[in-house]
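Here the structure comes first, spelled out in structure tokens, and everything after it is commentary.
Here, each number is a calculation from the coordinates, and none is a lab measurement. Bear in mind the structure is a predicted one, so any value in this text is a computation, not a measurement. Quick reminder, even Gly has a Cβ in these numbers, built from the backbone with ideal geometry, and neighbours come from all protein chains shown.
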Protein chains: 2
Amino acid sequence: MAMQRYGMAVRLKDEKRQYYIENHANVWPEILEELKKINVQNYSIFLKEDFMFGYLEYTGNDFDGDMGNMQQIPIVEKWTKLMIDCFNPFPNNEDNNSWVMMDEIFHLD
Amino acid sequence: MAMQRYGMAVRLKDEKRQYYIENHANVWPEILEELKKINVQNYSIFLKEDFMFGYLEYTGNDFDGDMGNMQQIPIVEKWTKLMIDCFNPFPNNEDNNSWVMMDEIFHLD
């Protein structure tokens, strides 16, 4: 399967900013291992003001399925719950309190 | 020089949205060539609502210098002027009417 790129966005609660930054400087090793297992690579998170942008590359063949299965793993579920508690919904996406997927409108290899 | 990753953010004016999207589906070939010449690679732009995020990788050794020099090239200057006219400043960055650089707070190879 060819590599696919994903961009996603969310906002950080002010009172959780330092907590999120510190935890992402020291992500639990089990989370990184599980991401690698489902073929996520070159994954970065960027922050400006309270906006976050995530970029990742995926080389598997069922991104939604792999991500969904990964979320069932107890330690991942625990991590995700702690992180989602740091988020504010992206503007006009109050129905989703976590990352929203973005549309790629340009790419240069 | 090792590869460096850059994340950047800006907003799109509603009335320029289609113009920007169409132009980025068909970027002038000269612009793409100049980006490659200064060692920019794997460059993507993502859009959600009126927020845009850019991700690129740079393998040269003077990003600011290379970018500055590229902006002096007449066709690049012309392109950039047209594109900047599509932007709204990122929140709390009204002094910068173009892309603002973000901080990388997480990376997984």
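Residue by residue through A:60-70, how many Cβ atoms from other chains fall within 10 Å of the Cβ on average?
0
Report, in deg cm²/dmol and to the nearest 500, the calculated mean residue ellipticity at 222 nm for chain A, where each DSSP H run with n ≥ 4 adds -39500 (n - 2.57) and the sum is divided by the residue count.
Counting only the DSSP helices, I get -10000 deg cm²/dmol.
Compute the Rg to Rh ratio over the protein assembly as shown from the alpha carbon atoms, using the Kirkwood formula for Rh, and round to two decimal places.
With Rg and the Kirkwood Rh in hand, the quotient comes to 0.97.
For the stretch A:56-65, in order, what is each residue's ³J(HN,Hα) by Karplus, 6.51 cos²θ - 1.76 cosθ + 1.60 with θ = phi - 60°, in whole Hz (x at glycine and Pro)?
8, 10, 10, 10, x, 10, 7, 4, 5, x
In nm, one decimal, shortest first: how far is the label point of residue A:38 (7 Å from Cα along Cα to beta carbon) from the matching points in the other copies?
Taking the point 7 Å beyond Cα along Cα→Cβ, the inter-copy spacings are 3.7 nm.
Can you give the FRET efficiency for residue A:77 and residue A:103, using 1/(1 + (r/R0)^6), R0 = 25 Å, r = Cβ-Cβ distance, to the nearest 0.05?
The computed FRET efficiency comes out at 0.30.
May I ask which residue of B:45, B:79, B:19 lies farthest towards the positive end of the charge dipole of chain B, with charges of +1 (Lys, Arg) and -1 (Asp, Glu) on Cβ and the Cα centre as origin?
B:19
Count of lysine pairs in the stretch B:1-95 with Cα atoms under 16 Å apart, counting only pairs 8 or more residues apart in sequence or on different chains?
For the stretch B:1-95, the number of qualifying lysine pairs is 4.
Place the label 7 angstrom along Cα→C-beta at residue B:59 and in each other copy, then list the distances from the first to the rest in nm, shortest first.
Inter-copy label distances (nm, one decimal, shortest first): 1.6.
Out of residues 5 or more away from residue A:88 or on other chains, whose amide H comes under 5 Å of its own, with H placed 1.01 Å from N in the peptide plane?
The answer is A:11, A:12, A:13.
State, to one decimal in nm and shortest first, how far the label point of residue A:18 sits from each corresponding label point in the other identical copies (label point: 7 angstrom along Cα-to-Cβ).
Ordered by distance, the counterparts are at 4.9 nm.
Take the Cα of residue B:38, step 7 Å along the line toward its Cβ, and report every residue of the stretch B:54-72 whose backbone nitrogen sits under 15 Å from that point.
Only B:55-72 pass the distance filter.
Once a ≥ b ≥ c are taken as the square roots of the eigenvalues of the Cα gyration tensor of chain A, is the result rounded (a/c under 1.5), prolate (a/b larger than b/c) or oblate (a/b not larger than b/c)?
oblate
How big is the charge dipole of the stretch A:4-102 about its Cα centre, in debye rounded to the nearest 20, if each Lys and Arg gets +1 on its Cβ and each Asp and Glu gets -1 on its Cβ?
Approximately 200 debye in magnitude.
Shielding of A:97-105 by partners, i.e. mean partner chain Cβ atoms within 10 Å per residue?
4
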